[in-house]
1. Which sequence of C:Tyr46, B:Tyr210 reflects their accessible areas, 1.4 Å probe, from the largest down?
2. For peptide B:213-219, compute the average count of partner chain beta-carbon atoms within 10 Å of each residue's beta-carbon.
3. Using only the alpha-carbon atoms, how far is helix D:14-23 inclined from the longest principal axis of chain D? Give it as 0 to 90 degrees, nearest 10.
4. Can you give the average number of partner chain beta-carbon atoms within 10 Å of each beta-carbon in peptide B:27-33, as a whole number?
5. Express as a percent, rounded to the nearest 5, the fraction of DSSP beta bridges in chain E (both residues included) that run antiparallel.
6. Can you tell which of D:Leu190, D:Leu122, D:Ile158 lies farthest toward the positive end of the dipole of region D:114-231, using +1 and -1 charges on the Cβ of basic and acidic side chains (Lys, Arg; Asp, Glu)?
7. So what's the protein assembly as shown giving for Rg/Rh, alpha carbon basis, Kirkwood Rh from the mean inverse pair distance?
8. Taking the Cα centre of region C:96-191 as origin, sum charge times position over the Cβ atoms of Lys and Arg (+1) and Asp and Glu (-1), and report the length of that vector in debye to the nearest 20.
Protein chains: 6
Amino acid sequence: MNNVAVRNIDRAEQKTVVALGELGVATVHEAQGRTGLLQPYMRPIYAGARIGGSAITVLLHPGDNWMLHVAVELARPGDIIVATVSAANSDGMFGDLLATSFRARGVIGLVIDAGCRDVKDLTEMRFPVWSRAVSAKGTVKATVGSVNVPIVCAGMLIAPGDTIVADDDGVVVVSRRNADQVLASSQKRLANEEQKRARLAAGELGLDLYKMREPLAKAGLVYYDRLSDVKE
Amino acid sequence: MNNVAVRNIDRAEQKTVVALGELGVATVHEAQGRTGLLQPYMRPIYAGARIGGSAITVLLHPGDNWMLHVAVELARPGDIIVATVSAANSDGMFGDLLATSFRARGVIGLVIDAGCRDVKDLTEMRFPVWSRAVSAKGTVKATVGSVNVPIVCAGMLIAPGDTIVADDDGVVVVSRRNADQVLASSQKRLANEEQKRARLAAGELGLDLYKMREPLAKAGLVYYDRLSDVKE
Amino acid sequence: MNNVAVRNIDRAEQKTVVALGELGVATVHEAQGRTGLLQPYMRPIYAGARIGGSAITVLLHPGDNWMLHVAVELARPGDIIVATVSAANSDGMFGDLLATSFRARGVIGLVIDAGCRDVKDLTEMRFPVWSRAVSAKGTVKATVGSVNVPIVCAGMLIAPGDTIVADDDGVVVVSRRNADQVLASSQKRLANEEQKRARLAAGELGLDLYKMREPLAKAGLVYYDRLSDVKE
Amino acid sequence: MNNVAVRNIDRAEQKTVVALGELGVATVHEAQGRTGLLQPYMRPIYAGARIGGSAITVLLHPGDNWMLHVAVELARPGDIIVATVSAANSDGMFGDLLATSFRARGVIGLVIDAGCRDVKDLTEMRFPVWSRAVSAKGTVKATVGSVNVPIVCAGMLIAPGDTIVADDDGVVVVSRRNADQVLASSQKRLANEEQKRARLAAGELGLDLYKMREPLAKAGLVYYDRLSDVKE
Amino acid sequence: MNNVAVRNIDRAEQKTVVALGELGVATVHEAQGRTGLLQPYMRPIYAGARIGGSAITVLLHPGDNWMLHVAVELARPGDIIVATVSAANSDGMFGDLLATSFRARGVIGLVIDAGCRDVKDLTEMRFPVWSRAVSAKGTVKATVGSVNVPIVCAGMLIAPGDTIVADDDGVVVVSRRNADQVLASSQKRLANEEQKRARLAAGELGLDLYKMREPLAKAGLVYYDRLSDVKE
Amino acid sequence: MNNVAVRNIDRAEQKTVVALGELGVATVHEAQGRTGLLQPYMRPIYAGARIGGSAITVLLHPGDNWMLHVAVELARPGDIIVATVSAANSDGMFGDLLATSFRARGVIGLVIDAGCRDVKDLTEMRFPVWSRAVSAKGTVKATVGSVNVPIVCAGMLIAPGDTIVADDDGVVVVSRRNADQVLASSQKRLANEEQKRARLAAGELGLDLYKMREPLAKAGLVYYDRLSDVKE
């Protein structure tokens, strides 16, 4: 595929996307069958952010952040820019000037399989970034890539318009077609967890709450009073 | 050894364990002859926690956190759960539900040579975890491991009941039999450090405080006024 | 070269050094033509510090921090100690006692291609350290190295007296001879950025601000309305 | 997507696939515009193999190689099995028994983003494998994955039926639709290289052969007779 | 524990040890329930060696190989020296002179969680070493460790006298008490594999040989004729 | 420093350089006081090569191998090209065409802190390369670097004309001014080793040959007959 920028993409409904963002990565990842998680080397530059948005996808080349400027024009308020590089690279592709531009256009965060810089300023701005590295290494604007084409980012295939959820636990992608269904499952899961949390907080054991004692015995777990009682 | 759970273990005296926890990892590690430190890839999920407790040891299998439920029943208030996995694995084996259960039963922290998730919630709860990774990757409850058997965790042999100290510097294990002796050495070391700290804060040099000038000269250090004076 | 300690070194003017420190790593690194950056594995032990100082260079050996004591005597207020090790090593070479001594003599920070410990205390003291690891692993004082000789630290050649700037983005070195010129370039760059920031914050796109639309088209970027319009 | 096995896939023409295999990874990768290369951590278990085949894609789960048995039935002679795992895993998913089965059915190699074992036997059989690790760690057959669905393997998106070329330089994927065109470009490139090789072997410099002297001067390269002549 | 050297250790019977060595790592590891494997970063310095022997265990300190000289005196012909270091270290602790000494005393190989050097000479001598690194970095003889105490090597607990098997797939440890039983299981497994190998070589599928078709369907695998038939 | 190419450099005497090459990395590294070793991630693309030559140094930029063409013109027969990159990069900067040109001009090997490709061809040609990675990833010729300036390569400072020795153990640099002296030390060391090798091969222990028994006892090593005799 040549170097293209695609203007219009389909997204999940914005209220669904926002709701998924509030639920967080672990819940959403579980609710869609433990899939969609980007590699755990993708870390937030500061603790505490949690966002959900539709992906504007970007394919960059090493040491070159030109296409981030193309991407921001194609984003709508509430979108997340998701960028990958054609080869492993930790250069600082994004800093406070671009963040200022992103914010002015309503972009709410960046997921980038490369480096990020100006993290002190970004932290003060509360503009969240998930990246593989922090590096002050600057970049050029010389080689064209693509915007809004399917990309592989941190090991996951991400299509433009897919729903992205990111927080302190990492980043998960939900196919935009499945967003409503995953939201329903997530909410059900959350409700279910609330009940469990109360019982566990009261001192009830998971062994009893989840009725694990019999399955554990069947699976071969044997209790001993003392380590010295165990026959090798 | 088969899959076993051992109900009763010996611990060092709780007041010794608590006192070691207050001294911190660096002091305790030094006081026992620079041994017992887990690999430095074991990092706290948030800064500032410092704990001491007796180890409930857990052997898990990749992608399976079942035995953590078995472990919590066998813990006493003040204990620390210390878990390892039979193969390298960064899955998110522990989250806020389990932390709720752990806390309800008096467990004060987790050391796990695998991943951890829900770190935003765990941070708000102030439930400290030292792990090799943060990952939202969920786990199953299908394969049985063991509780309260000797394990290797992050490169160290840990027996059930051993004393664990963990803080921002990492994690150290003290054999429960040596806990009193290591405490005594640690306290002596600390007292000694206080005097040194005062003298150093007053501007005295380590060179003089530790009487290093003569040994340095004997060991071959030569002073020059300028770099250009040095003969190659 | 034998084991030497050099007493007198040339530095850039202190006001230049301080001014570079206030500008931060990303700006200074760009202003000197994207050079001088240490490897991005050098990370601060806590967020938010930003310093500039002249380098007292130290060559250590694995597991041995003896020469840090030699270095502090040769430092002037405002200096930064920059230490490397003759082989890869993550031992905790520096802790709160040495920090107390460094501070008493006016040293404002440490850059060390090895480990650091007592990070809880150092954070409370606000004594900033950039290191490759956090580790409680103690060290001995048995082998002599050198102070104020040229060293390679985290991939960069650093001469004694060179200007060091460090913040959340990493560490950059500026040759002391170039410090004034780099300061001038940095300040010019900063002024230029202020104007851009205001325009970007107002919603102007980088595409227009930097006049990128024509170069992008020349470089082969093609816009499509929909992904399905793209011919493979 | 649920767990599926797809029986029929489209492939590029076998003679094209074989011809690409003979050209090798570096040539093919260049001929398709420097794209399609899997991460360089994918290494051959022995030196010297070079193959081309159509991909039977497999999605596995950590510690479980069940789907490799499903895959081999769906392969045709000359195919290459390309497997990925749903989470990072280095277990030894493939050994000499499976290789015997693969060879009996005409499969000519394996590309797997996980571990491989029995490498002594595989080397003696000359059954080539490209993997991320060598590990004797055994696997189970308990969790179902998929065969012949699009996968991400070592950072690249691979569709069933895509052409795979693998040799000592790594692994490259060519979309089956582009195989003929990439073959033509590769052959042209190769012919061109032959001429260059002869001239270079005769001592002609690349500077002259590629007419680089003027562009280098324009780009700012300055020649000096001695290092001491260079002004800083 | 202080620094000790233990003269006499118990071993499994030598013919059992030799027989396990001939079976190889993958078979032995499977036969003892997929346990005992050292981390896969332990790699042979040349391909093709396969050995079995009883462990003389050694605890070294970084940059210091003194205890290897103590160990060789305590070894019997047929033993394997197994060494670990008290902190991560890749120094070249072993070379051709020590290999000459080891061979003269009947030691048949070395497993070392550190570096190795003179690999060209060791390869010519056919003295096999499994190490975490190759490095020419020399070591000193200054700090005392221990010989024939339990150690943790590459993540595994190894007692003196345990049986070690090493080949191109890595290194596995068998408790000396279990050696006979693991040998019996290994041989049974091997016999079983021979039959399977013949059937697989004849083109029978694992799906039929292992009767997997029904379990796969029960576990939810669905076959489709074409990828386009799959409903998302 | 700007982008420069320096035509004339000083070298050690060629017979000294060749003699050092024959001695190998471990011996030379020891003979110059255990200094000068490049990081151990620098590995040969095939086993068995051993060379010594004077360094033509090259500073490259990521993804760009242009300056290798400039370097070869400035080399003399017997030289080794030593290249580094201004940021971490594993692209395949060197392949069989460049090797053909290098060989035609008498260059005997390449040391490059980046990737290398065409390793099958290079192996058949017996053109030795030490690199940090093998990767087919192609490069461009767009950005100018420098030739024959001091560089940092794999953690070591290398000046143009320094002597490079490389073999299966890695790469070591010797300052051209010290080459004669290091050769003398190396030869002395080698002669000394020959005598030791004969005595060790005859079964004499290092403990006796090096008179270690008394120092070991003084350093605190205690012998026990059985592990059970050791008091904790």
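1. B:Tyr210, C:Tyr46
2. Details: counts 3, 0, 4, 8, 1, 1, 6.
Across the residues of B:213-219, the mean count of other-chain Cβ atoms within 10 Å is 3.
3. 50
4. Whole-number average of other-chain Cβ neighbours for B:27-33 is 3.
5. Numbers: 18 of 36 bridges.
That works out to approximately 50 percent antiparallel.
6. Going by the charge dipole, the pick is D:Ile158.
7. Rg divided by Rh gives 0.94.
8. Numbers: 12 positive and 10 negative charges, 39 e Å.
It works out to roughly 180 debye.
The values are calculated or read from the model by the stated rules, or taken from the named source; none is laboratory data. All values derive from a computational prediction rather than experimental measurement. As a convention, Cβ positions derive from the backbone with ideal geometry for all residues, glycine included, and neighbour counts pool all protein chains shown. Keep in mind that these areas ignore ligands, DNA and RNA; they rest on the heavy atoms of the full protein, side chains included. Shrake-Rupley method; radii C 1.70, N 1.55, O 1.52, S 1.80 Å.
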